[in-house]
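FYI, it's all coordinate maths here, none of it is from the lab. From a predicted model like this one, the values you see are computed outputs, not experimental measurements. No Cβ is skipped: glycine too gets one built from the backbone with ideal geometry, and neighbour counts run over all protein chains shown.
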Amino acid sequence: MELHRRLLLAHCTAHALSMVAGLMVVVPMALNGSAFKGRCALFSTGYWVKVSPTQSTGSTQDVGQLVIQQWGPASACQFVTFVGIFTVLYGAAQGWRCLFYLHGRHDDTLFSAFLTVVLSVCVLFLSGGASVILSLGFDSWCDTVTDENTRFQSCAEAQSAALHLDVNTSSFYTDFNMAQLSLWCVTALWLAQSILAFLRLYHSHSQHISGPCLPREKELLLRQSPSEVSSSTSLPPATPTLLV
């Protein structure tokens with residue numbers, strides 16, 4: 001298999017994997033947004049207070065309630081979801097085009113390969129920024145619900161506890177954790193796509209430079225006269241030997 005077809009096949013695989021990883025970002029974020037009634041938990045601030053036992057469960061023990069001072073900016077969750085949706089759509093479009101090129105034995109033009117490199121690098125920085133935002137926002141939310149790990153030992157433990165909020169908090173840790181891992185995988189795949197796009201651009205550039213040289217060399221060989229060809233290919237005369 002030629003080098004450009006190997007690069008194209010690797011690029012197809014990266015697009016397919018990024019499409020799957022993008023779906024694993026979009027679906028948990030959508031489920032979390034529905035459970036939180038459109039509110040974004042990333043970078044939310046709040047505190048725990050004690051409430052009357054008779055108002056909640058009727059037990060004689062003190063019951064804690066989480067009070068949210070301010071929900072996180074909706075743009076944080078929207079940006080993470082946008083990166084996931086764009087990755088899915090771009091991966092589907094580019095994956096179909098790669099399969100078309102593999103079947104028809106075509107390849108990108110030099111300009112198209114350059115645009116692919118630029119777009120891949122730009123989305124790489126976007127996905128990296130979204131991954132950092134999601135990780136930092138998730139850590140901030142976990143610090144809020146665990147009260148700096150004084151009320152709960154981990155964020156996973158707080159998920160199964162009653163936070164007494166007007167939203168469904170039974171799966172927030174699962175949703176955010178899956179979205180976080182998937183988004184970092186998306187970032188790694190965009191890095192791989194950027195490298196593959198650059199290699200394909202370099203290969204296309206090399207083919208573009210060396211391509212016109214081959215017909216020129218063939219033409220020069222055909223212009224040689226038969227006498228020159230025969231003289232260049234004839235064997236040298238044997239040197240006479242003297243018998244003493």
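With the simple spin-label model, which puts each label point 7 Å out from Cα in the Cβ direction, the Q69 to L89 separation comes to 3.8 nm. Computed from label points 7 Å out along Cα-Cβ, the spacing between A30 and E148 is 3.9 nm. Full extension of the segment from I195 to L136, taken as 0.36 nm per residue of separation minus the current Cα-Cα distance, would add 18.5 nm. Residues whose amide H comes within less than 5 Å of that of G46, counting only those at least five positions distant or on another chain, are Q69 (H built at 1.01 Å from N in the peptide plane). In this simple spin-label model, placing a label point 7 Å from the Cα along the Cα-to-Cβ direction at both N168 and C122 gives a separation of 3.8 nm.
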